[in-house]
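Scroll down for the structure; my scribbles are underneath it.
The values are calculated or read from the model by the stated rules, or taken from the named source; none is laboratory data. Everything numeric here is computed off the predicted structure, so don't read it as measured data. Cβ atoms come from the backbone with ideal geometry, glycine included; neighbour counts cover every protein chain shown.
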């Protein structure tokens, strides 16, 4: 009696086990298919600051969402099932809400428990900047704030991607100015303007800013990084006519604020990930 | 369990040794004498809903008590880590040679979970925290109703296939260099949907629940979930468990009917127990349904070793 019981159990285990192995195999085939399908898609997802290369990111990220929770301007979102294997991983859509470094301290990077957003380069950059600052200013003035020195260099260390400008739709390139608020009515994106005349500690809605420019240069003036990232460049044409256009430099961090504030519809600027170039 | 089975069972109780005979009443009267209690179930649901609410509220109201989701979180600033995710990360790292994701916080979270759930019984996580367990536990009633009305047939499988799934998912993670299981994991999916807003992936949860209702009772929790298996490894020698007292048992086996893992209560069958006192094994989720239903209080929560002191 007992023996036949264990024999039945053994048989059932083998039968069900074969089913389990087949199921695992099916999942494997599915994943492999999705991975191939996903390879292009995943690269277009703009990762938060400090993201390691996509090949590693996809497994280093445990999809906990701590970066989403800590972001003060809710720029970081989690991908849905339509992104295939990238489901649950964080991304930034600069057209809807760009990262404007409002937190000043790379909080999403620092909070990541598995270093999918790797804080080590930022920490090093911050420390190096302090050392360099103290070398250059052996007796720092009364307004010396080590936090700002560190924060500036940490921002500049970010490399989410690089802004690419489509000059065919760019207002400046076409010699046009811009008046009014940059985005369509009802747009909810916020950012902290770097313009010293309108110095604010808090981020405010994009559309609360009213601009009046002879020649549109919003992407240049609103860039949180400044002149190491994007400048207006003059170009003299063959017929002696001069034209101005925004020019993206090496220092661009790919934060996407220029994408968000660009008044063209659709935005003349996109952020390309470095892996794609 | 295999070792225990080699022991010779204690001879089955005679009629006058049954708990009802000692009280001088019939078996039916004995069973009817105890009112329906849901003490442990209510406590457990309270804890489960409270912590999932805390996850939601921490983000929704920015109170920052329990941040993150069930796949990785921070409780009052201390990192916690899903052990199966952690295992996958370590295995993938050993293949790719990239170990940067194994940070200090990663190990802090991993070891806190290991120690905490070792002390509390391993699969305690399942019944006391897992939101999918809560949904499945409630839809199970519909399944039981349909089986009782003979609308559907019950399908059971070999309990050992979950180890195949566990190893299979780990292997898949290594081969594809991807946290494959996290895309199918109802624990993480429901937790994320709760905290960050729902998505289309919830259809997968509906499919799983429907399958469990119309085909096989508690299919995912019993036969598949590798998180449960990982926790059962953690709680293999856990001190907190369910104690079985043979002298109080009436062998009605109602406890096995309500149990998620009835094979862990093998000793309640008449003439099977090999000792006066038995402890439930690693697969037991310490949910307390058997403690609630037991008419003679033969089953109870206990901390191994402490019985002799108190």
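I'm trying to understand the selection: among the residues of the range B:72-90, which are closer than 18 Å to residue B:52 by Cα and surrounded by 24 or more Cβ atoms within 10 Å (Cβ to Cβ)? Residues satisfying the conditions are B:72, B:73, B:79, B:81, B:82. Going by what's in this entry, would residue A:135 be described as away from chain B (no Cβ under 14 Å), out of contact with any helix residue (DSSP H, G or I) (no Cβ under 7 Å at 6 or more places or on another chain) and not in a strand (DSSP E or B)? Yes; evaluated as a whole, the condition is true for this residue.
Candidates A:143, A:104: the one that is part of a loop (DSSP other than H, G, I, E, B), at pLDDT below 90 and within 30 Å of residue B:64 (Cα to Cα) is A:104. Checked against the criterion of being modelled with pLDDT under 95, part of a loop (DSSP other than H, G, I, E, B) and either on the phi > 0 side of the Ramachandran plot or surrounded by fewer than 22 Cβ atoms within 10 Å (Cβ to Cβ) (or both), the range A:124-132 has no qualifying residue. Checking the conditions here, which among B:59, B:110 is modelled with pLDDT of 95 or more, closer than 19 Å to residue A:111 by Cα, touching a strand residue (DSSP E or B) at 6+ places or on another chain (Cβ under 9 Å) and part of a helix (DSSP H, G or I)? After ruling out the rest, the residue left standing is B:110. The test for being touching a residue at least 12 places away in the same chain (Cβ under 8 Å) and surrounded by fewer than 15 Cβ atoms within 10 Å (Cβ to Cβ) does not hold for residue B:241. Could you list, in sequence order, all residues of the range A:44-70 that are assigned to a loop (DSSP other than H, G, I, E, B), more than 10 Å from every other protein chain (Cβ to nearest Cβ) and closer than 18 Å to residue A:115 by Cβ? Scanning the range A:44-70 gives A:47, A:48, A:49, A:50.
Across the range B:62-80, not a single residue is classified as closer than 21 Å to residue A:113 by Cα, at pLDDT 90 or above and part of a helix (DSSP H, G or I).
Residue A:93 passes every criterion in (1) at the interface with chain B (Cβ under 10 Å from one of its Cβ atoms); (2) over 26 Å from residue B:173 (Cβ atoms) apart from (1). Within the range B:64-119, the set of residues being facing another protein chain (nearest Cβ under 9 Å), touching a residue at least 24 places away in the same chain (Cβ under 8 Å) and over 28 Å from residue A:72 (Cβ atoms) comprises B:86, B:88, B:89, B:92, B:96.
Screening B:265, B:179, B:260 for residues that are crowded, with 18+ Cβ neighbours inside 10 Å, under 13 Å from the mean Cα position of the chain (by Cα) and either closer than 14 Å to residue A:87 by Cβ or at pLDDT below 95 (or both) leaves exactly one candidate, B:260. With respect to residue B:11, is the statement that it is assigned by TED's automatic domain parsing to the domain that holds residue B:254 and surrounded by 19 or more Cβ atoms within 10 Å (Cβ to Cβ) true? Spelling it out, it is not the case that residue B:11 is assigned by TED's automatic domain parsing to the domain that holds residue B:254 and surrounded by 19 or more Cβ atoms within 10 Å (Cβ to Cβ). For the range B:194-213, the candidate set comprises residues that are more than 10 Å from chain A (Cβ to nearest Cβ) and surrounded by 15 or more Cβ atoms within 10 Å (Cβ to Cβ); within that set, the residue that is nearest to residue A:25 (Cα to Cα) is B:208. The set of residues from the range B:24-41 being surrounded by 10 or more Cβ atoms within 10 Å (Cβ to Cβ) and over 25 Å from residue B:289 (Cα atoms) comprises just one member, B:25. When the range B:183-200 is filtered for residues that are part of a loop (DSSP other than H, G, I, E, B) and farther than 14 Å from residue A:80 by Cβ, the ones remaining, listed by number, are B:184, B:185. Among what's in the range A:96-111 and is out of contact with any strand residue (DSSP E or B) (no Cβ under 9 Å at 6 or more places or on another chain) and within 14 Å of chain B (Cβ to nearest Cβ), pick the residue that is nearest to residue A:54 (Cα to Cα). Restricting to residues being out of contact with any strand residue (DSSP E or B) (no Cβ under 9 Å at 6 or more places or on another chain) and within 14 Å of chain B (Cβ to nearest Cβ), the top hit is A:107. For the range A:71-84, check the following and say yes or no: at least one residue is surrounded by fewer than 22 Cβ atoms within 10 Å (Cβ to Cβ), within 10 Å of chain B (Cβ to nearest Cβ), closer than 19 Å to residue B:62 by Cα and more than 12 Å from the chain's Cα centre (by Cα). Yes, there is a match, as at least one residue in the range A:71-84 is surrounded by fewer than 22 Cβ atoms within 10 Å (Cβ to Cβ), within 10 Å of chain B (Cβ to nearest Cβ), closer than 19 Å to residue B:62 by Cα and more than 12 Å from the chain's Cα centre (by Cα). Hey, residue B:158 hits all of (1) assigned to a helix (DSSP H, G or I); (2) within 12 Å of chain A (Cβ to nearest Cβ); (3) under 26 Å from residue B:283 (Cα atoms) but one; which does it fall short on? Unmet for residue B:158, out of (1) assigned to a helix (DSSP H, G or I); (2) within 12 Å of chain A (Cβ to nearest Cβ); (3) under 26 Å from residue B:283 (Cα atoms): (1).
Restricting attention to the range A:112-125, the residues that are more than 9 Å from chain B (Cβ to nearest Cβ) and in contact with a strand residue (DSSP E or B) (Cβ under 8 Å, 6 or more places away or on another chain) total 1. I'm trying to understand the selection: among the residues of the range A:30-43, which are surrounded by fewer than 20 Cβ atoms within 10 Å (Cβ to Cβ) and more than 10 Å from chain B (Cβ to nearest Cβ)? Residues satisfying the conditions are A:33, A:36, A:37, A:39, A:40, A:41, A:43.
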